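The values are calculated or read from the model by the stated rules, or taken from the named source; none is laboratory data. Bear in mind the structure is a predicted one, so any value in this text is a computation, not a measurement. Cβ atoms come from the backbone with ideal geometry, glycine included; neighbour counts cover every protein chain shown.
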């Protein structure tokens, strides 16, 4: 494997340790006004310091900052969040958004998808490669007319540690290597919009006492992700106790097909263990998800053939790598399976001329998140968001190396119990050839669960707007709804995707017993 992400030397430090326990206590009070909630004042965002567009009304209330989720003798691990109370109803459900990736910042969801903000550079401003020269006044902020925040309380959480503004303190930069990146690295970062390694580092830490589910402060597996999430949620509810009185939805996309079921399962176990301190989780929503690598990776090549992007001979060539990857999955050789998969992606990208298969309509144009990345790296922005200026927004390759064995493992066996416990929405944009309709059909069809026959024979209904526009198709059986949205790719709520129909989708999911 050519990629340094798989073949570079594995870190040798593996030490037994302890984790400061996560505490769960009942909220001390039933305070309804967020600005009077315990600890919230220190995270209040002064949005008057942002460069708002002249025709845009500034967002008057939001909270942002860092919450410590782990502490050892060597470091503190902190997660960054940005909380936007619902603009119309404070009792609306709380949606916690987790970006996929793995290790993509949820600020992408905030600025490019369902969040209330949009960002662009001012006319005439040319962004520098190093992000050393920009100031906050080089950008323009505006509001998103299709934001889910109109109807829901929303938290955008950078997780796991090492993603976005979430970091280990004290830090040690581990990926500031420079040089040209390999294609798999660029593929990994295509949704994060980070193509300059000198600007993607966050932090790591040498550590002499650490829970075995972590290494150098980073998560090693899904179990660690769930631990950190629960620790975050505990502190969040203490800061904003009124939010523990509203229903909770965990929402994500892409790698969220692994994050969400793992976290939801951990919450279920928590509620069973602590019935007097239940977390009010009611629903799960996942878009274009990556859940079961063995079945899903097998759909990529055929889709490219069907769309005319590769020839049958090229498909045969790529299938050699595909079969090797699937064979290694069966042997539980996770690193080797990932290596073959990335090699397959490398080959297919060369064959197609770099077509963006997250949204095939974009041809060979990739997602551009440079304005967001540069804006979030401005010291003025960090101060407003209560982030130490010494930390850079981005992602750290060190965490990818430590976590890479998780990527080719499946979480599909967690879903049967989740279907019984929560209302679940799975949705895909029909222009996503990576983790889209065919990919999710494959793993759902392979899932053995009590409702399998009922779901497969349930009617597929047309979903239209009030004016008759065809939004897509919906299939529902008991707690599970699956929705196919027309005219969007991997980033369903994005401006060039399905912003209005995805908003209606979320409203229907939360307010109607039947989607259609």
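The residue that is modelled with the lowest pLDDT, counting only those in the stretch 34-48 that are surrounded by 14 or more Cβ atoms within 10 Å (Cβ to Cβ) and in a helix (DSSP H, G or I), is 34. Taking the listed residues 310, 279, the one that is part of a loop (DSSP other than H, G, I, E, B), over 27 Å from residue 402 (Cα atoms) and assigned by TED's automatic domain parsing to the domain that holds residue 493 is 279, with no other qualifying. Among the residues making up the stretch 61-97, none is exposed (fewer than 15 other Cβ atoms within 10 Å of the Cβ) and closer than 24 Å to residue 138 by Cβ.
Just checking, does the stretch 41-58 include any residue being under 25 Å from residue 217 (Cα atoms) and either without any contact (Cβ under 8 Å) to a residue 60 or more places away in the chain or not assigned by TED's automatic domain parsing to the domain that holds residue 115 (or both)? No - not one qualifying residue is present in the stretch 41-58.
Note on the stretch 369-401: residues that are closer than 28 Å to residue 213 by Cβ, surrounded by 23 or more Cβ atoms within 10 Å (Cβ to Cβ) and under 18 Å from the mean Cα position of the chain (by Cα) total 6.
Among the residues of the stretch 213-272, those that are in a strand (DSSP E or B), under 21 Å from residue 64 (Cβ atoms) and under 15 Å from the mean Cα position of the chain (by Cα) comprise 249, 250, 251, 252.
Results for (1) modelled with pLDDT of 95 or more; (2) under 17 Å from residue 342 (Cα atoms); (3) surrounded by fewer than 22 Cβ atoms within 10 Å (Cβ to Cβ), shown as yes or no for each residue.
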| site | (1), (2), (3) |
| --- | --- |
| 280 | yes, no, yes |
| 285 | yes, no, no |
| 290 | yes, yes, no |
| 293 | yes, yes, no |
| 296 | yes, yes, no |
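Pairs meeting the criteria (first residue in the stretch 200-223 and more than 23 Å from residue 388 (Cβ to Cβ), second residue part of a loop (DSSP other than H, G, I, E, B) and modelled with pLDDT under 90, beta carbons under 6 Å, at least 6 apart or on different chains) are 208/74; 209/17; 209/72; 209/73; 211/17; 211/19. Set side by side, the residues 127, 157 differ, and just one is within 21 Å of residue 506 (Cβ to Cβ) and either modelled with pLDDT of 95 or more or assigned to a loop (DSSP other than H, G, I, E, B) (or both), which is 157. Residues that are assigned to a loop (DSSP other than H, G, I, E, B) and touching a residue at least 40 places away in the same chain (Cβ under 8 Å) were ranked within the stretch 503-516; the one that is farthest from the chain's Cα centre (by Cα) is 516. Taken over the stretch 365-383, residues that are free of Cβ contacts under 8 Å to residues at least 12 places away in the same chain and not in a helix (DSSP H, G or I) amount to 1.
Checking each residue in the stretch 241-254 for being surrounded by fewer than 24 Cβ atoms within 10 Å (Cβ to Cβ) and out of contact with any strand residue (DSSP E or B) (no Cβ under 7 Å at 6 or more places or on another chain) picks out 241, 242, 244, 245. Here the condition is being assigned to a loop (DSSP other than H, G, I, E, B), out of contact with any strand residue (DSSP E or B) (no Cβ under 7 Å at 6 or more places or on another chain), modelled with pLDDT of 95 or more and assigned by TED's automatic domain parsing to the domain that holds residue 492; of 132, 91, it holds for 91 alone. Taken as a whole, the structure leaves residue 72 outside the set of residues that are more than 27 Å from the chain's Cα centre (by Cα) and at pLDDT below 95. It is to be established whether one or more residues within the stretch 348-361 are in a helix (DSSP H, G or I), modelled with pLDDT under 95 and within 21 Å of residue 491 (Cβ to Cβ). Yes, some residue in the stretch 348-361 is in a helix (DSSP H, G or I), modelled with pLDDT under 95 and within 21 Å of residue 491 (Cβ to Cβ).
The listed residues are 111, 83, and the only one of them that is part of a helix (DSSP H, G or I), under 28 Å from residue 283 (Cβ atoms) and in the same structural domain as residue 212 (by TED's automatic domain parsing) turns out to be 111. Residues in the stretch 498-513 that are over 16 Å from residue 470 (Cβ atoms) and in contact with a helix residue (DSSP H, G or I) (Cβ under 9 Å, 6 or more places away or on another chain) were compared, and the one that is surrounded by the fewest Cβ atoms within 10 Å (Cβ to Cβ) is 507.
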